[in-house]
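Undergrad: Below is the structure I would like to discuss, written out as structure tokens.
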Amino acid sequence: MKKRNVCLIFFVILLGTLFGCSANKESFDDRNISFYIVEKEATAEYESYRFEIANNTGYELTHLIFNLSYPIKELNGSKSNPYEIEGKPVNADLHVNLKSGETMTFLIDAPIKEVFGDTDLLDIEYPNIKLRGYYKDGKEEIPFGISGGLSVLIAE
């Protein structure tokens, strides 16, 4: 009888370990963050963008910072530009948080002539975008970042 109870307890512990501790939550994947251009206006003096960012990661995103930059042209391509223009969140304060399934709009006004002057050195047609922040995994906030060419990261 005692041997049977020990086997039963061992079997219950084994089942609990195998099935009770498995988490069904998927790991964070930044490919589930989508970027959309809602509006773009361009003149000889400036470019203005309205971006929408959609969070479909299954995690809350916190302390988001969204930037745009224009690569510097070189003879055999281009290189990154250390000067970035920070996007302003619409209807949000300084600490931008985005729950899973939500979207956030950012405005970027780039006074190209006023700030950069000679635009022949900049690749205005192919800007880069960068999103930095944290994702919440329980009580822990883990940093992440996405950056690349606008034409590559924008969802259709």
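The values are calculated or read from the model by the stated rules, or taken from the named source; none is laboratory data. Everything numeric in this text was worked out from a predicted model, so none of it was measured. Cβ sites come from the backbone with ideal geometry, for glycine too, and all protein chains shown count toward neighbours.
Undergrad: Confirm whether Tyr134 is in contact (Cβ under 8 Å) with a residue 60 or more places away in the chain and touching a His at 6+ places or on another chain (Cβ under 6 Å).
TA: So Tyr134 passes the test.
Undergrad: Of everything in segment 8-30, what is surrounded by 10 or more Cβ atoms within 10 Å (Cβ to Cβ) and modelled with pLDDT of 80 or more? Give them in sequence order.
TA: Across segment 8-30, the qualifying residues are Glu26, Phe28, Asp29, Asp30.
Undergrad: Turning to a different aspect of this structure: Spot the failing condition for Ser78; the list is (1) touching a helix residue (DSSP H, G or I) at 6+ places or on another chain (Cβ under 9 Å); (2) among the small types (Gly, Ala, Ser); (3) farther than 16 Å from Ile37 by Cα, and only one is missed.
TA: Tallying (1) touching a helix residue (DSSP H, G or I) at 6+ places or on another chain (Cβ under 9 Å); (2) among the small types (Gly, Ala, Ser); (3) farther than 16 Å from Ile37 by Cα, Ser78 fails exactly one: (1).
Undergrad: Same structure, new question: When segment 54-66 is examined, which residues are found to be buried (at least 20 other Cβ atoms within 10 Å of the Cβ) and out of contact with any Pro (no Cβ under 9 Å at 6 or more places or on another chain)?
TA: Once the filter is applied, which keeps residues that are buried (at least 20 other Cβ atoms within 10 Å of the Cβ) and out of contact with any Pro (no Cβ under 9 Å at 6 or more places or on another chain), segment 54-66 yields Asn55, Thr57, Tyr59, Leu61.
Undergrad: Give the residue, chosen from Ser78, Ser69, Ser34, that is at pLDDT 95 or above, of a type in the set (S, T, N, Q) and surrounded by 12 or more Cβ atoms within 10 Å (Cβ to Cβ).
TA: When all the criteria are applied, what remains is Ser34.
Undergrad: Modelled with pLDDT of 85 or more, exposed (fewer than 13 other Cβ atoms within 10 Å of the Cβ) and among the aliphatic types (A, V, I, L, M): is that true of Val152 in this structure? Show your work before the answer.
TA: Details: modelled with pLDDT of 85 or more: yes; exposed (fewer than 13 other Cβ atoms within 10 Å of the Cβ): yes; among the aliphatic types (A, V, I, L, M): yes.
Yes: the conditions hold for Val152.
Undergrad: Continuing with this model, one more query. Please enumerate the residues belonging to segment 36-81 that are within 17 Å of the chain's Cα centre (by Cα), farther than 18 Å from Gly145 by Cβ and among the aliphatic types (A, V, I, L, M).
TA: Ile37, Val38
Undergrad: If I ask for residues that are of a type in the set (Gly, Ala, Ser) and assigned to a strand (DSSP E or B), which ones from segment 32-84 would you list?
TA: Ser34, Ala42, Ser48, Ala54, Ser69, Gly77, Ser78
Undergrad: Now, a different point. Can Tyr135 be described as of a type in the set (Ser, Thr, Tyr), surrounded by 19 or more Cβ atoms within 10 Å (Cβ to Cβ) and either assigned to a strand (DSSP E or B) or more than 13 Å from the chain's Cα centre (by Cα) (or both)?
TA: In short, yes.
Undergrad: Across segment 39-59, what is the number of residues that are among the aliphatic types (A, V, I, L, M) and modelled with pLDDT of 95 or more? Before you say what the answer is, go through the steps one by one.
TA: Taking segment 39-59 as the starting set, the residues that turn out to be among the aliphatic types (A, V, I, L, M) are 42, 44, 53-54.
With the extra rule that they be modelled with pLDDT of 95 or more, the set shrinks to 53-54.
Residues in segment 39-59 being among the aliphatic types (A, V, I, L, M) and modelled with pLDDT of 95 or more: 2 in total.
Yes or no, residue by residue, for (1) surrounded by fewer than 12 Cβ atoms within 10 Å (Cβ to Cβ); (2) at pLDDT below 90; (3) charged (D, E, K, R):
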{"site": "Glu74", "(1), (2), (3)": "yes, no, yes"}
{"site": "Gly87", "(1), (2), (3)": "no, no, no"}
{"site": "Asn97", "(1), (2), (3)": "no, no, no"}
{"site": "Glu102", "(1), (2), (3)": "no, no, yes"}
{"site": "Leu107", "(1), (2), (3)": "no, no, no"}
{"site": "Asn128", "(1), (2), (3)": "no, no, no"}
{"site": "Leu131", "(1), (2), (3)": "no, no, no"}
{"site": "Gly145", "(1), (2), (3)": "yes, no, no"}
